[in-house]
Amino acid sequence: MLKSGEFHHYSYWCKNSTPSFIMIKYPSFEQLRYSGLNETYKSRLNGLVEHSLLHLYLHCSESSRYIPTQRRNEILVRHLKPKIKSPEYKGVKNELKRFIAIGRKQKGDLEQRLIEIKKIHENLDKETNDARNLFDLLENIKIKLKIDSRFINENEYRKSNFIYMYQSDIEKGFDSDGNQIKPLAMIVNPKKSASIIDIIKETGLYLVEEKEGEIILKSK
């Protein structure tokens, strides 16, 4: 995990993204508004935010080019829109609509808004969830082993320096609070699997097994 004051490393996921570190200052009224929400609502909202950012960054990693804000908005809106009708997200339906509205604005920056909410949550409540744990794990692997992460594209040649994950695992592997509810599969270069597993085990957060060329993560 990389945390130092108001800086947090998010943009490593997307090549050529700028800047590498993002500094965000938060107005006090925003913190007060968020801290006044009930714990269940905050948990649901934070789970939604964590899951959405994870979805975005795995999509971004599929391209070697910089992904502009408009395209990032499109990816996030497409991810969030079906959740409006889901009973699981009924409690955060209004926030979902606000997020989608931001993503559809000509000068909207939904990713930045999600990062702001994530940071506010971290400042007010230090509790973690499984979506954030995976986010931080992939970041740690990227830093230590120089191995990036991306979704599987069946028509694409798989490179040795990537961790490939199933989009369906990310979509269905977490509940609305960001808790992992299904095993997650990583397809990795067999020569690098031992090093990756060592980093995973260092977290103490997962039960790990190798199965048919995949690393399977199960939340403890």
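The values are calculated or read from the model by the stated rules, or taken from the named source; none is laboratory data. Please read these numbers as outputs of a predicted model, since none were measured by experiment. Here the Cβ is made from the backbone with ideal geometry for all residues, glycine too, and neighbour counts use every protein chain on show. When the accessible area is computed, the model is the full protein with side chains, heavy atoms only, and any ligands, DNA or RNA have been set aside. Shrake-Rupley method; radii C 1.70, N 1.55, O 1.52, S 1.80 Å.
A few notes on this one:
- Looking only at residues of region 107-119 that are in contact (Cβ under 8 Å) with a residue 12 or more places away in the chain and over 16 Å from the mean Cα position of the chain (by Cα), we find that the one that is least open to solvent (accessible area, probe 1.4 Å) is 108.
- Residue within region 136-159 that is in contact with a Leu (Cβ under 9 Å, 6 or more places away or on another chain), within 22 Å of residue 92 (Cα to Cα), in contact (Cβ under 8 Å) with a residue 24 or more places away in the chain and not small (Gly, Ala, Ser) present: no
- In this structure, residue 176 does not satisfy being surrounded by fewer than 19 Cβ atoms within 10 Å (Cβ to Cβ) and closer than 29 Å to residue 42 by Cβ.
- Scanning region 178-194 for residues that are in a helix (DSSP H, G or I) and within 29 Å of residue 80 (Cβ to Cβ) turns up nothing.
- Considering only residues in region 199-220 that are surrounded by 12 or more Cβ atoms within 10 Å (Cβ to Cβ) and without any contact (Cβ under 8 Å) to a residue 12 or more places away in the chain, the one that is farthest from residue 169 (Cα to Cα) turns out to be 201.
- Pairs with Cβ under 7 Å, 6+ apart, first in region 181-198 and under 23 Å from residue 171 (Cβ atoms) and free of Cβ contacts under 8 Å to residues at least 60 places away in the same chain, second open to solvent by 70 Å² or more (accessible area, probe 1.4 Å) and of a type outside the set (A, V, I, L, M): 182/172; 183/218; 185/166
- Residue-level check: of (1) in contact (Cβ under 8 Å) with a residue 60 or more places away in the chain; (2) closer than 14 Å to residue 219 by Cβ; (3) assigned to a helix (DSSP H, G or I); (4) not aliphatic (A, V, I, L, M), residue 171 misses just (2).
- Every pair of residues 6+ apart whose Cβ atoms lie under 7 Å, when the first sits in region 68-89 and is within 11 Å of residue 56 (Cβ to Cβ) while the second is not in a helix (DSSP H, G or I): 73/108
- Criterion (in a helix (DSSP H, G or I), modelled with pLDDT under 90, within 17 Å of residue 53 (Cα to Cα) and out of contact with any Phe, Trp or Tyr (no Cβ under 6 Å at 6 or more places or on another chain)) met by exactly one of 111, 139: 139
- Consider region 136-158 and keep the residues that are of a type outside the set (A, V, I, L, M, F, W, C) and closer than 23 Å to residue 204 by Cβ. The one that is surrounded by the most Cβ atoms within 10 Å (Cβ to Cβ) is 149.
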